[in-house]
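The values are calculated or read from the model by the stated rules, or taken from the named source; none is laboratory data. It should be emphasised that the depicted structure is a prediction, and the values quoted were computed from it without experimental measurement. Cβ placement follows ideal geometry from the backbone for every residue including glycine, while neighbour counts extend to all protein chains displayed.
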Amino acid sequence: MSAGFGERARAGIAERGPLCVGIDPHAALLAAWGLTDDAAGVREFGLRTVDAVTDRVAFVKPQVSFFERFGSRGIAALEEVLVAARAAGLIVIADAKRGDIGSTMDAYAAAWLTPGSPLEADALTVNPYLGVGALDGAFALAEAHGKGLFVLAATSNPEARELQRSRSAAGSTVAADVIAEVSARNAAAVDGDEWGSAGFVIGATVDWTDAAIAAFAPVAPILAPGFGTQGAEPRDLRTRFGAMAASVIASESRSILAAGPDGLTHAVDTRVAQYQEAAHG
């Protein structure tokens, strides 16, 4: 039986480090790269990024919205980027933040997590704020196909603070409750010290004390936006994530992509080296 997503993520971090390069073809970045602001431009942007990071990092994270804005042609471009990235051996996290109920959520999961689907990825970001139980179909499909989910738990955007830090009658925060419920699902699905395949999105700029969250078991990958442009640096990895630092996938987009197509490989290599130094320093 092939390894679950949690173990694949664990191996990817061990082999190439925690850096995940976002594929975020903002209009401004397209212009800086000399590309057109259309489906052809985002396709070229995505494929060039895949070529540049292959054999340098383990993870890429296409931001779906920047492709969706061009309709069917943009989605077709995204399909090509997803196929190219997975063919290159990269672990592909589709940043789509899907969340709904019943058959609608099941259809989202089928689109992104079914082997052979045009939009097949290795993992999908999902929104639990219609209730973690609303994601049941997605959890089941991911487990059946060795795929992963990254459940939004404690995000760094200020708009989320009031909701995610709200407390239940028991005194725990919503963010902590999400982590506890998903961790219970992981515990039922793993053996020994295996990593769970349902991970979490926890911003690198989040104060864990403020969010009332703590180290959790079993270990599961943490997708951590906030490194680079948003302020967190590789040297901050251990101080910000403590005992969970070894399971962090550090997502960077603009801080890498701003180097342009000619400087992209150098930017990635520099950042990888900084994460290695932070891990062993």
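Results for (1) over 21 Å from A189 (Cα atoms); (2) assigned to a strand (DSSP E or B); (3) among the β-branched types (V, I, T), shown as yes or no for each residue.
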| site | (1), (2), (3) |
| --- | --- |
| G89 | yes, no, no |
| S117 | yes, no, no |
| T125 | no, yes, yes |
| A134 | no, no, no |
| G137 | no, no, no |
| E143 | no, no, no |
| S156 | yes, no, no |
If the requirement is being surrounded by 17 or more Cβ atoms within 10 Å (Cβ to Cβ), at pLDDT 95 or above and among the acidic types (D, E), which of these qualifies: D95, D136?
D95
Looking at V268, V248, which one is closer than 14 Å to R56 by Cα, touching a strand residue (DSSP E or B) at 6+ places or on another chain (Cβ under 7 Å) and surrounded by 15 or more Cβ atoms within 10 Å (Cβ to Cβ)?
V268
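Residues are listed down the side, and each one gets a yes or a no for (1) out of contact with any Phe, Trp or Tyr (no Cβ under 7 Å at 6 or more places or on another chain); (2) of a type outside the set (A, V, I, L, M, F, W, C); (3) buried (at least 24 other Cβ atoms within 10 Å of the Cβ):
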{"site": "A11", "(1), (2), (3)": "yes, no, no"}
{"site": "P18", "(1), (2), (3)": "no, yes, yes"}
{"site": "H26", "(1), (2), (3)": "no, yes, no"}
{"site": "T36", "(1), (2), (3)": "yes, yes, no"}
{"site": "D51", "(1), (2), (3)": "yes, yes, no"}
Output the qualifying pairs, or none if there are none: Cβ atoms under 6 angstrom, residues six or more apart or on different chains, first residue in the stretch 37-65 and closer than 14 Å to I256 by Cα, second residue surrounded by 17 or more Cβ atoms within 10 Å (Cβ to Cβ) and charged (D, E, K, R).
V57/R16; K61/D95
Selection within the stretch 109-129 - of a type in the set (V, I, T) and either closer than 15 Å to A87 by Cβ or touching a strand residue (DSSP E or B) at 6+ places or on another chain (Cβ under 8 Å) (or both):
T125, V126
Filter the stretch 203-231 down to residues that are assigned to a helix (DSSP H, G or I) and surrounded by fewer than 17 Cβ atoms within 10 Å (Cβ to Cβ), then give me how many there are.
2
Of all residues in the stretch 49-80 being assigned to a loop (DSSP other than H, G, I, E, B), over 26 Å from H266 (Cβ atoms) and of a type in the set (A, V, I, L, M, F, W, C), which is farthest from the chain's Cα centre (by Cα)?
F70
Residues (assigned to a loop (DSSP other than H, G, I, E, B) and either touching a Lys or Arg at 6+ places or on another chain (Cβ under 8 Å) or buried (at least 24 other Cβ atoms within 10 Å of the Cβ) (or both)) located in the stretch 179-202
W195, G196, S197
Here the qualifying pairs (Cβ atoms under 6 Å; residues six or more apart or on different chains; first in the stretch 1-29 and part of a loop (DSSP other than H, G, I, E, B); second aliphatic (A, V, I, L, M)) come out as G17/V272; P18/V248; P18/I249; P18/A250; P25/V42
